[in-house]
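Note sheet for the following structure.
The values are calculated or read from the model by the stated rules, or taken from the named source; none is laboratory data. Computed from a predicted structure; not experimentally measured. Don't worry about glycine lacking a Cβ; one is built from the backbone with ideal geometry, like all the others, and counts go over all protein chains shown.
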């Protein structure tokens with residue numbers, strides 16, 4: 001007699017005789033119950049899960065030999081020179097011909113029409129005549145690099161910097177220009193370079209974010225959060241936004257909750273979240289949200305420490321200028337100091353902004369000097385110069401520069417002429433300067449050039465994709481192989497273009 005919960009099942013092949021029957025006879029009848037079958041199935045699934053985990057670990061360990069590169073595990077395509085990136089961004093299109101690229105022809109032909117472009121109309125309208133820089137350029141360092149006298153402290157680093165003077169953009173508008181410089185695409189919705197780095201390398205610190213954006217105290221850059229977006233990558237790869245003036249919100253534990261109760265709550269929540277996520281495989285946004293909450297819990301201890309600048313000696317604060325009477329300079333200096341503290345604690349990618357979005361008055365909040373170049377830059381350069389130079393020196397003295405890649409970027413350049421009726425310069429996407437410094441970078445060199453007036457990239461033009469192909473190369477990645485399948489395409493930071501600028505590197 002059988003019941004629905006227990007049935008006697010003849011062993012397979014018992015009715016057929018032969019070899020199968022002999023085997024069944026040796027084993028005898030196998031009695032299966034429904035509960036037993038479910039228990040066996042559960043055990044089997046556990047084994048499959050364990051095999052999957054072990055398989056992933058083996059794949060991670062054998063990635064270099066087996067060729068199975070997997071993102072997010074600290075693996076690279078080849079030996080990296082840099083472990084982390086600091087990207088300093090000056091929104092508003094900082095003028096290459098007034099900061100980094102000396103153009104004697106502007107001094108020689110000052111006040112005369114730009115040859116061949118006497119009636120040139122650019123972004124904001126008609127241009128006037130050629131306009132020399134209001135400030136002299138001076139030779140700096142052993143290389144004798146000519147840079148603006150507005151940057152006396154940055155001048156101390158020219159022998160460690162590789163200047164790229166032939167950058168080009170696809171747009172002359174600030175919002176798309178900033179997004180293009182950060183993501184390799186002029187439209188929103190694509191991952192930033194920091195998000196790609198997070199995706200490719202993963203975290204180097206379990207208690208701090210992989211990617212942090214430090215907006216200026218004056219506000220976010222043009223197009224705001226699109227500059228540090230994860231795009232179509234999992235949400236965990238977007239930047240955590242903070243700065244010295246506004247640490248991460250809602251981290252402190254409420255005073256009426258004991259630490260033991262808080263810890264027990266986090267443990268239970270982690271178990272519930274893991275169970276919930278296991279029932280919904282493939283939902284990256286869910287997993288990313290769970291991981292972000294778990295990171296937030298861990299950051300209750302780590303973030304207050306890293307953002308507590310009072311732990312730094314008074315001499316360090318004085319050196320950076322964190323107590324400077326210039327409120328904007330002091331705020332930016334504190335962000336520079338915070339950037340160093342984040343980098344030395346294992347944050348992979350830090351975006352540090354100096355200035356913000358455009359305002360009703362051109363050049364007031366960022367480097368967009370349409371009408372009054374001289375007073376605008378005499379306001380911005382003192383904010384930028386000392387804190388940035390000190391940050392670079394601090395990284396070098398602490399040994400961090402040996403495996404940190406430092407980038408200085410802006411969205412495009414400025415015209416060599418003045419705007420008609422003003423003493424400012426209009427937008428120029430056809431030629432501008434960015435630079436690199438640190439791990440793997442050949443210092444004291446200038447790559448490419450604009451024409452004699454600074455109007456267009458003429459010698460060895462460089463695209464944003466070339467720039468980031470080089471960045472990824474220093475991080476140990478082949479930019480053509482670092483892809484993510486999205487909407488039927490293998491997407492890349494470098495789109496479908498890009499060449500490594502080997503001339504600015506110390507190795508091939």
Give the residues of the stretch 425-440 that are within 21 Å of the chain's Cα centre (by Cα) and either in a loop (DSSP other than H, G, I, E, B) or not assigned by TED's automatic domain parsing to the domain that holds residue 389 (or both), sorted by residue number.
439, 440
Give me the pairs: first residue in the stretch 485-508 and in contact (Cβ under 8 Å) with a residue 12 or more places away in the chain, second residue in a strand (DSSP E or B) and crowded, with 16+ Cβ neighbours inside 10 Å, beta-carbon distance under 6 Å, and six or more apart or on different chains, which are they?
491/484; 503/447; 504/162; 504/447
Out of (1) within 24 Å of residue 242 (Cβ to Cβ); (2) without any contact (Cβ under 8 Å) to a residue 40 or more places away in the chain, what's the single condition that is false for residue 357?
(2)
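Here's the yes/no breakdown for (1) surrounded by fewer than 24 Cβ atoms within 10 Å (Cβ to Cβ); (2) touching a residue at least 24 places away in the same chain (Cβ under 8 Å):
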| residue | (1), (2) |
| --- | --- |
| 187 | yes, no |
| 192 | no, yes |
| 197 | no, yes |
| 200 | no, yes |
| 204 | yes, yes |
| 209 | no, yes |
| 213 | no, yes |
| 218 | yes, yes |
| 222 | yes, yes |
Residue check, residue 344 crowded, with 24+ Cβ neighbours inside 10 Å and within 24 Å of the chain's Cα centre (by Cα)
no
Whether any residue in the stretch 297-309 is more than 30 Å from residue 394 (Cα to Cα) and either outside the structural domain of residue 210 (by TED's automatic domain parsing) or at pLDDT 75 or above (or both) is what I want to check.
yes
Looking at this structure, is residue 331 in a helix (DSSP H, G or I), more than 22 Å from residue 204 (Cβ to Cβ) and assigned by TED's automatic domain parsing to the domain that holds residue 376?
yes
Conditions (1) buried (at least 20 other Cβ atoms within 10 Å of the Cβ); (2) assigned to a helix (DSSP H, G or I); (3) out of contact with any helix residue (DSSP H, G or I) (no Cβ under 6 Å at 6 or more places or on another chain): number failed by residue 401:
(3)
Checked the stretch 168-179 for anything touching a helix residue (DSSP H, G or I) at 6+ places or on another chain (Cβ under 7 Å) and either without any contact (Cβ under 8 Å) to a residue 24 or more places away in the chain or under 19 Å from residue 501 (Cα atoms) (or both); matches are 169
Any hit, the stretch 237-251, residues being at pLDDT below 80, in the same structural domain as residue 188 (by TED's automatic domain parsing) and loosely packed, with under 15 Cβ neighbours inside 10 Å:
yes
Take residue 362 and decide whether it is at pLDDT below 95 and crowded, with 18+ Cβ neighbours inside 10 Å.
yes
Quick one: residue 266 ticks every box in (1) touching a residue at least 12 places away in the same chain (Cβ under 8 Å); (2) under 27 Å from the mean Cα position of the chain (by Cα) except a single one, so which number is it?
(2)
Is it the case that some residue within the stretch 354-373 is part of a helix (DSSP H, G or I) and at negative phi?
yes
Hey, any hits in the stretch 409-428 for a residue that's under 16 Å from residue 77 (Cβ atoms), out of contact with any strand residue (DSSP E or B) (no Cβ under 6 Å at 6 or more places or on another chain) and crowded, with 19+ Cβ neighbours inside 10 Å?
no
Given the residues 443, 421, 454, which is the only one that is farther than 23 Å from residue 89 by Cα, in the same structural domain as residue 237 (by TED's automatic domain parsing), part of a loop (DSSP other than H, G, I, E, B) and in contact (Cβ under 8 Å) with a residue 24 or more places away in the chain?
421
Enumeration of residues in the stretch 132-146 that are closer than 26 Å to residue 423 by Cβ, touching a strand residue (DSSP E or B) at 6+ places or on another chain (Cβ under 6 Å) and in a strand (DSSP E or B)
137, 146
What's the number of the condition residue 146 fails, among (1) in contact with a helix residue (DSSP H, G or I) (Cβ under 8 Å, 6 or more places away or on another chain); (2) free of Cβ contacts under 8 Å to residues at least 60 places away in the same chain?
(1)
Looking at the stretch 109-131, which of its residues are in contact (Cβ under 8 Å) with a residue 60 or more places away in the chain and in a strand (DSSP E or B)?
122, 125, 126, 127, 128, 129, 130
So for the stretch 447-464 (the condition being in contact with a strand residue (DSSP E or B) (Cβ under 8 Å, 6 or more places away or on another chain) and under 23 Å from residue 79 (Cβ atoms)), does at least one residue qualify?
no
Residue check for residue 200: in a loop (DSSP other than H, G, I, E, B) and over 19 Å from residue 368 (Cα atoms):
no
